[in-house]
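Values quoted throughout were computed directly from the atomic coordinates according to the rules given, and no laboratory measurement underlies them. This is a predicted model, so every value here is computed, not measured. Positions of Cβ are backbone-derived with ideal geometry, glycine not excepted, and every protein chain shown enters the neighbour counts.
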Amino acid sequence: MQKKYIRICPECHSTDTQPDLSADSYAKGLLNQRKCNTCGHTGLFFPEYSPEDVKKIQEKRP
Ligand SMILES: [Zn+2]
């Protein structure tokens with residue numbers, strides 16, 4: 001069975017992220033940049049976790 005990994009925001013741990021395809025990121029050549037829809041954080045580093053780990057991480061938040 002193939003394992004699925006979910007990218008989460010390193011700032012707020014939201015799973016609601018998407019590739020940042022704005023003209024701004026194209027201009028900078030940051031084609032792999034992602035954006036968090038929850039807190040608006042953008043960056044190249046969005047860690048990937050398994051669904052179980054995402055649950056654990058989100059449960060730790062106050
Ligand atoms: Zn975020």
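Table for the structure above
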{"quantity": "Zone of Tyr5's modelled label, taken as backbone nitrogen in segment 16-54 under 12 Å from a point 7 Å along Cα→Cβ", "calculated": "46-51"}
{"quantity": "Long-range HN-HN contacts of Ile6 with modeled amide H, under 5 Å", "calculated": "Tyr49, Ser50"}
{"quantity": "Cα long-axis angle, helix 51-60 against the chain (0 to 90 degrees, to the nearest 10)", "calculated": "80 degrees"}
